[in-house]
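None of the figures in this text is laboratory data; all of them are computed from the coordinates on show. The model shown is predicted, which means the values in this text are computed figures rather than measured ones. For neighbour counting, all protein chains shown are included, and Cβ atoms are generated from backbone atoms with ideal geometry for every residue, glycine included.
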């Protein structure tokens with residue numbers, strides 16, 4: 001198991017790789033909406049969700065400078081809580097990385113909004 005993992009806040013240039021992971025059949029199977037996501041729709045959603053809204057967070061898991069997963073914390077205003085979504089590239093499943101990513105993501109201070 002690779003120990004060179006980095007967890008960091010999402011960047012705009014992560015959009016395509018997050019989309020690729022989101023569209024993997026296993027990820028779609030366990031998503032609230034199992035429909036395939038078109039890249040054009042993803043780009044708009046991604047920009048709005050993580051670079052315009054102030055209360056949603058996304059963290060990237062990297063191995064050897066390759067994005068292999070993400071953890072999303074999306075604010076649900078109706079219930080005043082966060083919905084958490086985690087996805088790991090299928091090549092890295094069954095290594096405990098989802099647990100590590102979630103645990104670390106919960107303790108990363110939110111980026112400064114000012």
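Residue 6 meets the conditions (1) out of contact with any helix residue (DSSP H, G or I) (no Cβ under 9 Å at 6 or more places or on another chain); (2) assigned to a helix (DSSP H, G or I) in every case but one. The failed one is (2).
Of the residues making up the stretch 22-36, those that are surrounded by fewer than 17 Cβ atoms within 10 Å (Cβ to Cβ) and assigned to a helix (DSSP H, G or I) are 25, 26, 28, 29. Of the residues making up the stretch 37-83, those that are assigned to a strand (DSSP E or B) and more than 13 Å from the chain's Cα centre (by Cα) are 63, 66, 75, 76, 81, 82.
Identify all residues within the stretch 84-107 that are assigned to a loop (DSSP other than H, G, I, E, B), within 19 Å of residue 21 (Cβ to Cβ) and touching a strand residue (DSSP E or B) at 6+ places or on another chain (Cβ under 9 Å); write none if there are none. First the steps, then the outcome.
Quick first cut of the stretch 84-107, residues assigned to a loop (DSSP other than H, G, I, E, B) only: 89, 93-96, 106-107.
Of the ones still in play, those that are also within 19 Å of residue 21 (Cβ to Cβ) are 89, 93-96.
89, 95 - these are the residues of the stretch 84-107 that are assigned to a loop (DSSP other than H, G, I, E, B), within 19 Å of residue 21 (Cβ to Cβ) and touching a strand residue (DSSP E or B) at 6+ places or on another chain (Cβ under 9 Å).
All conditions but one from (1) surrounded by 14 or more Cβ atoms within 10 Å (Cβ to Cβ); (2) free of Cβ contacts under 8 Å to residues at least 12 places away in the same chain apply to residue 92; the one that does not is (2).
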